[in-house]
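Quick notes on the structure that follows.
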Amino acid sequence: MINCLLVSGSKTVGGFEYFLRIPSGGLASIAGNADRTICDIKIIDLVAVQRKAVKYFTKYITRNRFDVIGFSSMIFQYSEILELAKITKAVSPGSTTILGGYYPTVNYSGMPAGELKFFDFIIRGEGEKAFALLIEALNNKTGYSTIPNLSYRRESEFIHNECGPLIDLNTLKLPDRSCRVLKKGFYYLNNRVESIETSRGCTYNCSFCSITRMYGRSYRQFPIERIIDDIKDARNRGAKAVFFIDDNITINTKHLEDLCNAIIANKLDRIKYFMQASVKGLYENPHLYNLLGRAGFESVFIGIEADENDILGFFNKENQFDITKVEKVINGLKNENIFVLGGFIFGLPDDDREKMLKRYEYSKAIGLDFIIFNSLTPYPGTQLREELIAGNYISNLSDYSKYDCYHMNVRTKHLGTKELFAIFDSIIHSYTVDSKAIYRIIKRFPLFFIKASIKFLFLHPDMVFHHLTQGRFLDKERFNRTETEWGK
């Protein structure tokens, strides 16, 4: 019997840890689809312990012996995952290490040899079949050359097998959540949360997104019956909320409509659901607003990104919607008492103070309940990165730990990175009070607000002071500070 440990990192996209910590659905799916007659699997979602992650991991692998330790890494998590792999080789040198997830999928060929030595295998793209076949090969002591999506070490170099066809989602078993070592520490607002997929992939080609490197421009759906069984399993394990982690759940709105009806028919509508959706999918199917409300969807996030159609064109999103349609979607959701979050991006090549402030004012004016501001991030493997490199707009090419949508890694035609970040950061700090979003949160989620405020005050007292003293208006002094002044 092979003893396996699967590990996901502790870091989240900037600011998300205050209202959302979800366990890895991908690792649970890998565990559920491996041959458990030849391997025992444990899962550690380090997001549940956050700042104690390295200490917890080190103690756990010191006390427990594992033949195989697999790490799943997003791009901004990689520095932490590399540290954990180094610890593994020091504490448990006989363990086989595997790296999977988005980061190695998009950047496996660019990883330095000095880092690759801490990993014995890399799984690119979907992991369920490749992991299962690798465990079989390790158990039977056979070769690896026929395993799709696998990279393996041969002497001093890595051999990269061809990727196989995308998995038929009808063949996948349910995730095995019983493997999780950490049972607590996952939440959406005040509710214990679980992550669930209803589909994989996206057929759009947004320039900033790397999802096409994972699945190509494809879209596959899980059967409705299987999704309902997944929700029931999550509920039976104590979940009060479900975050649908689909890349674009509104590509096939008929599938989403069928899911909502099945949720209602199976009396699962008391669970609080949260999803990411496209403006296009909702605008073209207004009947979904009421159905989503009846099915228990409490929150919906929509990626708006911009205040001008030209910017949508820069992102390759002009074929999805135009700015005139956004408010109708927001109002349609809010009429069903659904809390609407929207995302906007700052740091575009043409951005200056005036354009950033104009986008900020627009984001406040369109009726969103809460806004998530993201920095333009040049992820490896994206069209955006190539365009920004060509224009010499990237100021941080290789420190991926800062690719978390908060740190600024670019410059613009008008602003250096420090000045750009100062404006961006001032907008974020001013927003919650300036837009009255804080009052909407208090009214809608009072218990969450109290708990989050205590946590935030304990961790970031300086930022709380800034909110209280200057959050009623944009910090004009900081906003107008020059690049030279920031360099002092």
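The values are calculated or read from the model by the stated rules, or taken from the named source; none is laboratory data. Note that this is a predicted model, so its numbers are computed, not measured. Here Cβ is always computed from backbone atoms with ideal geometry, including for glycine, and neighbour counts include all displayed protein chains. Quick note on the areas: whole protein, heavy atoms, side chains included, nothing else; ligands and nucleic acids left out. Shrake-Rupley method; radii C 1.70, N 1.55, O 1.52, S 1.80 Å.
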Qualifying position, being outside any loop (DSSP other than H, G, I, E, B) and either open to solvent by less than 10 Å² (accessible area, probe 1.4 Å) or at pLDDT below 95 (or both), among 65, 51: 51
Cβ-Cβ under 8 Å, sequence separation 6+ or interchain: first residue in segment 227-240 and closer than 11 Å to residue 175 by Cβ, partner of a type in the set (Lys, Arg) and surrounded by 19 or more Cβ atoms within 10 Å (Cβ to Cβ). Which pairs? 233/177; 234/177; 237/177
Can you tell me which residues in segment 192-225 are surrounded by fewer than 17 Cβ atoms within 10 Å (Cβ to Cβ), out of contact with any Phe, Trp or Tyr (no Cβ under 9 Å at 6 or more places or on another chain) and farther than 26 Å from residue 318 by Cβ? 223, 224, 225
Starting from residues that are aromatic (Phe, Trp, Tyr) and open to solvent by 10 Å² or more (accessible area, probe 1.4 Å), keep the ones in segment 89-111 and report whichever is farthest from residue 166 (Cα to Cα). 108
Here is a check on your reading of the model: is residue 162 among the acidic types (Asp, Glu) and either in contact (Cβ under 8 Å) with a residue 40 or more places away in the chain or over 27 Å from residue 25 (Cβ atoms) (or both)? no
Any residue at all in segment 394-407 that is assigned to a strand (DSSP E or B) and either crowded, with 19+ Cβ neighbours inside 10 Å or within 24 Å of the chain's Cα centre (by Cα) (or both)? yes
Residues 367, 347, 391, 381: which one is of a type outside the set (Val, Ile, Thr) and open to solvent by less than 10 Å² (accessible area, probe 1.4 Å)? 347
Complete set of residues in segment 202-229 that are basic (Lys, Arg) and part of a loop (DSSP other than H, G, I, E, B): 217
I'd like the full set of residues that are surrounded by fewer than 16 Cβ atoms within 10 Å (Cβ to Cβ), assigned to a helix (DSSP H, G or I) and without any contact (Cβ under 8 Å) to a residue 40 or more places away in the chain, limited to segment 298-327. 309, 310, 313, 324
Just to verify a result, which residue in segment 112-146, among those that are open to solvent by less than 10 Å² (accessible area, probe 1.4 Å) and more than 27 Å from the chain's Cα centre (by Cα), is nearest to residue 95 (Cα to Cα)? 135
The residue that is farthest from residue 348 (Cα to Cα), considering only those in segment 416-436 that are open to solvent by less than 10 Å² (accessible area, probe 1.4 Å) and more than 23 Å from the chain's Cα centre (by Cα), is 430
Between a first residue in segment 405-418 that is on the phi > 0 side of the Ramachandran plot and a second residue that is surrounded by fewer than 19 Cβ atoms within 10 Å (Cβ to Cβ), which pairs have beta carbons less than 7 Å apart while being 6 or more apart in sequence or on different chains? 405/13; 405/14
Does segment 239-262 contain any residue that is of a type in the set (Asp, Glu), part of a strand (DSSP E or B) and either surrounded by fewer than 22 Cβ atoms within 10 Å (Cβ to Cβ) or under 23 Å from the mean Cα position of the chain (by Cα) (or both)? no
With the condition kept exactly as written, say whether any residue in segment 155-169 is out of contact with any helix residue (DSSP H, G or I) (no Cβ under 9 Å at 6 or more places or on another chain) and of a type in the set (Val, Ile, Thr). yes
Among residues belonging to segment 73-92 that are in contact (Cβ under 8 Å) with a residue 12 or more places away in the chain and aliphatic (A, V, I, L, M), point out the one that is nearest to residue 112 (Cα to Cα). 82
The residue that is least open to solvent (accessible area, probe 1.4 Å), considering only those in segment 15-36 that are over 15 Å from residue 173 (Cα atoms) and in a loop (DSSP other than H, G, I, E, B), is 23
Residue satisfying all of: in segment 331-373; under 25 Å from residue 207 (Cα atoms) and of a type in the set (Gly, Ala, Ser); farthest from the chain's Cα centre (by Cα) among these: 363
Of all residues in segment 189-223, how many are of a type outside the set (Val, Ile, Thr) and farther than 20 Å from residue 175 by Cβ? 15
Does residue 270 qualify as being assigned to a loop (DSSP other than H, G, I, E, B), over 20 Å from residue 21 (Cα atoms) and either open to solvent by 70 Å² or more (accessible area, probe 1.4 Å) or among the β-branched types (Val, Ile, Thr) (or both)? yes
Matching residues in segment 354-369 - criterion: being of a type in the set (D, E, K, R) and within 16 Å of residue 410 (Cβ to Cβ): 355, 359
For the list (1) of a type in the set (Lys, Arg); (2) surrounded by fewer than 18 Cβ atoms within 10 Å (Cβ to Cβ); (3) closer than 30 Å to residue 326 by Cβ, I need the number of the one condition that residue 280 fails. (2)
